[in-house]
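Reading through the structure tokens given below for one structure.
The values are calculated or read from the model by the stated rules, or taken from the named source; none is laboratory data. Owing to the predicted nature of the structure, the values given are computational and were not obtained by experimental measurement. So basically every Cβ, Gly included, is an ideal-geometry build from the backbone, and we count neighbours across all protein chains shown.
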Amino acid sequence: MLVTGGAGFIGANFVHATVRERPDVEVVVLDKLTYAGDRATLHDVASRITFVEGDIADTALVRKLVGDLGPGGAVVHFAAESHNDNSLHDPWPFVHTNLIGTYSLLEAVRAHGVRYHHVSTDEVYGDLPLSEPADDPAREKFTPDTPYNPSSPYSATKAGSDLLVRAWARSFGIEATISNCSNNYGPWQHVEKFIPRQITNILDGVRPKVYGAGTNVRDWIHVDDHNRAVWAVLGRGRTGETYLIGADGEANNLRVVRALLEIAGQDADAYDLVADRPGHDLRYAIDASLLRDELGWRPLHSDLESGLKATFDWYRDNEAWWRPRKAATEAKYAQLGR
Ligand code: NAD
Ligand code: TDX
């Protein structure tokens, strides 16, 4: 199995889970080691995998690695430029990696007839209104039929990459599946992202920084539940199909930040509201019924507060992993006034 982006947050958790639970699978990781990738993240499994440092947009390299997979091989494509705030500052790496990189992988799987799974995001659908009460079971959610309507250069390039996959499946008959997942949390997430940024701020004695009024809603899922769903799609998903992945974890940003402060034993109001993100999506929510009904997937982590506590403890205990990236990340935010 070729895992792209295996030195990043979700890909690394996928590699760890695969080595742990499916020792028969030979894993090759292809990762460019951008600012978001870190070989240290794969330290514990280094002897069990093959690591290739390289760019998914390098068509010759990708064609060789895909060709080497042999019968029964598969590509699971996690690599991406993944942070919305960065995409507002400099969109080019997003076009390069998310669009050209995906094109390069699709051409290689077409040439070699290899199974392909495309990891994508719910952000391709744009956002939902905030007006509906959070406990109304009839409120609107994203479904596989929701029209694409991305807001940022990040989500636009992910939407474009999904459409490339659909076109290659229909026109060239590649054996592909797509999954669109909601916001992930868990170990090894870069400190630029909301939850690790606020945990590490709290650990550093800095007040958490919440964009706008903090009322934006994200549908949180533990990274292990996401990756179990990817495995379910790989094993039992229908090729050509799109599966939405979400664990009914809607929470607004204030609820998350207040929970983190309480976990740290601090005043739940000890955060600062800062300048909003331009074009900030209001709310995401996933209807995962296809995944649940057809593939029998269920999340194992359904209580957000206990998931946040475990994640807080992980960052407290693994400072050596995140500390090297913290100062540069905060310097970037300071330039944006956030
Ligand atoms: P991440 O930024 O933590 O990791 C991305 C990895 O890709 C890094 O290791 C980086 O070095 C590598 N990479 C970047 N450009 C590359 C290139 N050109 N060639 C090879 N490697 C390259 O991202 P993540 O949060 O782990 O996201 C993984 C995937 O999951 C992405 O496709 C993202 O769109 C999707 N996704 C993420 C979330 C989330 O909440 N984080 C939710 C849904 C979907
Ligand atoms: O410091 C912050 N303060 C804050 O209020 C940061 C970094 C974020 N936020 C807000 C913005 C969002 O409403 O928190 C929410 C989550 O922000 P991010 O962690 O940047 O995630 P988001 O923009 O929602 O996108 C994430 O989920 C979907 C991932 O980064 C994407 O890769 C994935 O596709």
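Quick one: is residue 48 more than 15 Å from ligand 2 (Cβ to nearest atom), over 19 Å from the mean Cα position of the chain (by Cα), closer than 21 Å to residue 168 by Cα and among the basic types (Lys, Arg)?
No.
Hey, can you tell me all the residues within segment 196-222 that are within 18 Å of residue 126 (Cα to Cα) and not hydroxyl-bearing (Ser, Thr, Tyr)?
216, 217, 218, 219, 220
Report those strands (runs of 3 or more DSSP E) wholly inside segment 197-262 carrying at least 1 residues which are away from ligand 2 (no atom under 11 Å from the Cβ) and surrounded by fewer than 24 Cβ atoms within 10 Å (Cβ to Cβ).
In segment 197-262, 242-245, 250-252 are the strands (runs of 3 or more DSSP E) which contain 1 or more residues that are away from ligand 2 (no atom under 11 Å from the Cβ) and surrounded by fewer than 24 Cβ atoms within 10 Å (Cβ to Cβ).
May I ask you to list the residues in segment 126-152 that are touching a residue at least 60 places away in the same chain (Cβ under 8 Å) and either in a loop (DSSP other than H, G, I, E, B) or within 16 Å of the chain's Cα centre (by Cα) (or both)?
Once the filter is applied, which keeps residues that are touching a residue at least 60 places away in the same chain (Cβ under 8 Å) and either in a loop (DSSP other than H, G, I, E, B) or within 16 Å of the chain's Cα centre (by Cα) (or both), segment 126-152 yields 126, 127, 129, 130, 134, 139, 140, 141, 143, 144, 151, 152.
Out of all the residues in segment 61-82, is one or more more than 30 Å from residue 252 (Cβ to Cβ), charged (D, E, K, R), surrounded by fewer than 24 Cβ atoms within 10 Å (Cβ to Cβ) and within 15 Å of ligand 1 (Cβ to nearest atom)?
Yes, because at least one residue in segment 61-82 is more than 30 Å from residue 252 (Cβ to Cβ), charged (D, E, K, R), surrounded by fewer than 24 Cβ atoms within 10 Å (Cβ to Cβ) and within 15 Å of ligand 1 (Cβ to nearest atom).
Got a number for residues in segment 163-186 being over 16 Å from residue 124 (Cβ atoms), within 16 Å of ligand 2 (Cβ to nearest atom) and of a type in the set (Ser, Thr, Tyr)?
Residues flagged as over 16 Å from residue 124 (Cβ atoms), within 16 Å of ligand 2 (Cβ to nearest atom) and of a type in the set (Ser, Thr, Tyr) within segment 163-186 amount to 1.
Taking segment 109-131 as the search range and keeping residues that are over 12 Å from residue 74 (Cβ atoms) and among the β-branched types (Val, Ile, Thr), which one is farthest from ligand 1 (Cβ to nearest atom)?
Only one residue tops the list, namely 124.
Quick check: anything in segment 187-196 within 11 Å of ligand 2 (Cβ to nearest atom), surrounded by 23 or more Cβ atoms within 10 Å (Cβ to Cβ) and closer than 18 Å to residue 277 by Cα?
Within segment 187-196 (the criterion being within 11 Å of ligand 2 (Cβ to nearest atom), surrounded by 23 or more Cβ atoms within 10 Å (Cβ to Cβ) and closer than 18 Å to residue 277 by Cα), the answer is yes, since at least one residue qualifies.
Quick test for you: out of 89, 83, pick the one residue that is within 16 Å of ligand 2 (Cβ to nearest atom) and at pLDDT below 95.
So the residue among 89, 83 that is within 16 Å of ligand 2 (Cβ to nearest atom) and at pLDDT below 95 is 89.
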